[in-house]
1. In nm, to one decimal, how far is the modelled label at residue 228 from the one at residue 144, with both set 7 Å along Cα→Cβ?
2. When all C-alpha to C-alpha distances in region 121-239 are sorted into bins of 10 Å, what percent of pairs does each bin hold, rounded to whole numbers?
3. Three principal axis extents, largest first, for the C-alpha atoms of region 86-182, in Å?
4. Order these peptides, 210-221, 106-117, by their mean beta-carbon neighbour count within 10 angstrom, highest first.
């Protein structure tokens, strides 16, 4: 094909058909430009597809992490509701705050050991590997829906961090009370089920119950927020297909 074009061009020059040659040259340039534009368009299309595929992978993995978070939160909420019920079984002056959010407490038959009242090791730790990877690699802009990204960011960097902080406070207080009442825990004779009348212990139980109420409430709210976010991710994911 190139030989044919060169032959035509040489014939035009030889025959001194300057005007025709100029038009022919312009046509060649236009064809080259069109070819370049088509190549660029194809390349841009391929790059866009790669970006959208990467976005789908991130959204899928973030959703998977969030689903695991809701399962852990469900267990945290269940455990702490049981513990709140234990605390309230010892102090009838305790009012269940946030009941409309955390729901009814389980029925308990009392506590067999004092240590159970002050013991807790269940706390929420979110799965943040996918999100941290996306941020550290500078790929936060890969999620085109910026409102969705802002919601994801808010969950991981604000709401989840708030729960982590509260959980640390709960655990610290639990350890503090177990140390404070180490003698009573080991040598106290409270019967079974335990009935506490010591006002010092009851005062600490009251404070702990309010702290756990708040932690459980925030856990429920976070779980609700994550559930809503998962639904938004599903909608966005489907739109990328």
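All of the numbers you see were taken from the coordinates with simple rules; none came from a lab. The structure displayed is predicted, hence computed values, not measured ones. Here the Cβ positions follow ideal geometry from the backbone for every residue, glycine too, while neighbour counts run over all protein chains shown.
1. Spacing of the two 7 Å Cα→Cβ label points: 2.5 nm.
2. Here the calculated profile for region 121-239 is 11, 31, 24, 16, 11, 7, 1.
3. 54, 32, 18
4. 210-221, 106-117
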